[in-house]
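The block underneath contains the structure these notes are about, expressed in structure tokens.
The values are calculated or read from the model by the stated rules, or taken from the named source; none is laboratory data. Model, not experiment: these values are computed from the prediction. Cβ sites come from the backbone with ideal geometry, for glycine too, and all protein chains shown count toward neighbours.
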Amino acid sequence: MSDERFGFPRTELRSRAARGAITNGLFLLVIEALGLIQAVVVARLLDSDQVGLYGIVSVTVMTLLALKQVGIDEGYVQQESSDQELAFQRAFSLDLAISVVFTLVIAALSPLIGLLYGDQSLTPLMLALSLLPVLFALQAPVWIYLRRMDFIRQRLLQGVVPAVTLITTVALLLLGLGTWGLVIGALAGNAAAALLAVGLSPYRLQVAFERETTRHYLRFSAPIALAAVCGLIIRQGQFFAFDLKLGLAGAGYLTLAITVTRYADRADQMITQTIYPAICAVREAPDRLIEVFEKSNRLTAMWALPFGAVLALFAPELVRWVLGSKWDPAILLIQLVGVSTAIYQIGFNWTAFHRAVGRTRPQTVYAISGLFVFLAVPLPLLFVYGSAGFAWGLFAVNFVAGALRWFYMRELLPGARIARLIVRSFLPPVVACIPVLIWRATDADQNSLPIFVGQLVLYLCSYVLMTILYERELLTESIGYIRRRSATSSADIELI
């Protein structure tokens, strides 16, 4: 018998979550491949000043948008209303109203950003991107598929954004539009996704405010909003500091480093979205929550940690053979930010478990602590030692973040084996680096493209072998769920 929340029997919850992780992993490969292609094209066609200009504008807009993403979608996934269409319309209406406010805020701040950075060309770029909040709100029907754990429809809708953005951006860059090509490409991708989401929405999109529902969402979201403010200060602060210390070129180096390392961050977002409905469904079962936490982090580590290792090993070759020598000053920054970002993903989804049980305050403490460490370590090191000092300082942020995650997860789920999780996550990518390092130590000639390709293939093969050895049981379990699409197993029944 189907469950009203999901549209499928609850006995399939475990297998649906496992298949969703695989589906979203494949989606991640395709989408990030498109993103990397765009990053390479942008790096080849634009100079560091142009990339830095876009980085300043986009990070300003996106961090302001982060203030808008304060858990309305997660609150909608949590709710158990008997009228799901009305519940969606109320959540959508609140999100749309907040989006309109943020569009006006971004538009009003556009001249100030130009004054702050001393470049008035930032103003029209930011004005154009002020349309993004409303375009994001119109993509709200994706929430419906997330709540139902219908990941294929959800990802097909979301896949429109990077595909259309890539095609539009590359075409406009080839026509010589420069930074405007990036802005128009982002708008085109999100506009296409919004039109498709509205057209395919299972529910009607109409305004339906209700005071008690609004109060509930705002109570849930207030601590998340404060955490988002801290994120805004960090993201905007680092770009302002890089521009102040190194000029637009420095902002361009930071933009490139963030762009090529976002794969690791995207991996945790994908898997968190996949499992969040399942977390909400089993939030009263601590043993099941521990299992979901440990397995989801192991799956994310399979994506994020090897990517960080690849950047650490091959960033010089990536610049030499792919991006171009003009990005040589960004090599060390890419290496360190890549490793730091990958490490940061361990325990990445701890907030999802706290939100599922209605605890959003720990996220605020976590964000404020991270802000203080960021202001105390990476930023001062930037002005003393340059971009390398900034990147090394990010490891201090990682240390504090990891300690707080450990504390809060041990408080929520005392049985979680966090230390064991960390050790088994790092072993495969670290061991896989050894053959490459031995090759480099025994061969002085490291400056040819075939050697780069050979070492990259060696690393990937070594990593796959180590992952199969260490995570055979988890991989076998995941593959088994994919094969047993409609079967009901005793393991599935235990999840409920």
Subject >> Neighbours by Cβ (under 8 Å, 6+ apart or cross-chain): first from the range 401-421, under 17 Å from Ala356 (Cβ atoms); second in a helix (DSSP H, G or I) and basic (Lys, Arg) >> reply: Ala416/Arg410
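How many residues are among the small types (Gly, Ala, Ser) and closer than 30 Å to Asn297 by Cα when one looks only at the range 423-453?
Going through the range 423-453, the residues among the small types (Gly, Ala, Ser) turn out to be 425, 432, 441, 444, 448.
Next, only the ones that are closer than 30 Å to Asn297 by Cα stay: 425, 432.
So the count comes out to 2.
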**OP:** Please enumerate the residues belonging to the range 390-426 that are assigned to a helix (DSSP H, G or I), more than 23 Å from the chain's Cα centre (by Cα) and buried (at least 17 other Cβ atoms within 10 Å of the Cβ).
**Re:** Leu412
**OP:** Starting from the range 334-359, keep only residues that are more than 25 Å from Tyr253 (Cβ to Cβ), then list their pairs with residues that are of a type in the set (D, E, K, R) and outside any helix (DSSP H, G or I) whose Cβ atoms are within a distance under 7 Å, requiring at least 6 positions of separation or different chains.
**Re:** Ala356/Arg283; Val357/Arg283
Subject >> Within the range 232-265, considering residues that are at pLDDT below 70 and buried (at least 19 other Cβ atoms within 10 Å of the Cβ), the one farthest from Val322 (Cα to Cα) >> reply: Ala264
Original post:
Is it the case that the range 74-82 has a residue that's surrounded by fewer than 18 Cβ atoms within 10 Å (Cβ to Cβ) and modelled with pLDDT of 85 or more?
Top reply: no
Original post:
Residue check: is Leu475 part of a helix (DSSP H, G or I), modelled with pLDDT under 85 and closer than 30 Å to Arg359 by Cβ?
Top reply: no
Original post:
Hey, any hits in the range 441-451 for a residue that's part of a helix (DSSP H, G or I), surrounded by fewer than 15 Cβ atoms within 10 Å (Cβ to Cβ) and modelled with pLDDT of 90 or more?
Top reply: no
Original post:
Got at least one residue in the range 461-481 being surrounded by 17 or more Cβ atoms within 10 Å (Cβ to Cβ) and charged (D, E, K, R)?
Top reply: yes
Subject >> Criterion violated by Thr168 - all others in (1) crowded, with 19+ Cβ neighbours inside 10 Å; (2) more than 23 Å from Ala251 (Cβ to Cβ); (3) among the β-branched types (Val, Ile, Thr); (4) within 20 Å of the chain's Cα centre (by Cα) satisfied >> reply: (4)
Original post:
Conditions: (1) surrounded by 20 or more Cβ atoms within 10 Å (Cβ to Cβ); (2) polar (S, T, N, Q); (3) in contact with a Gly (Cβ under 6 Å, 6 or more places away or on another chain). Ser110 meets all but one. Number of the miss?
Top reply: (3)
**OP:** Among the residues of the range 370-389, write down those that are farther than 14 Å from Gln238 by Cβ and either part of a loop (DSSP other than H, G, I, E, B) or among the aromatic types (Phe, Trp, Tyr) (or both).
**Re:** Phe372, Tyr385
**OP:** Only one of these is outside any helix (DSSP H, G or I), crowded, with 21+ Cβ neighbours inside 10 Å and touching a helix residue (DSSP H, G or I) at 6+ places or on another chain (Cβ under 7 Å): Ile346, Ile334. Name it.
**Re:** Ile346
Original post:
How many of the residues making up the range 239-260 are closer than 11 Å to Ala330 by Cβ and either hydroxyl-bearing (Ser, Thr, Tyr) or without any contact (Cβ under 8 Å) to a residue 40 or more places away in the chain (or both)?
Top reply: 3
Subject >> Unique match (being surrounded by fewer than 21 Cβ atoms within 10 Å (Cβ to Cβ) and farther than 17 Å from Val40 by Cα) among Ala356, Ala304, Ala312 >> reply: Ala312
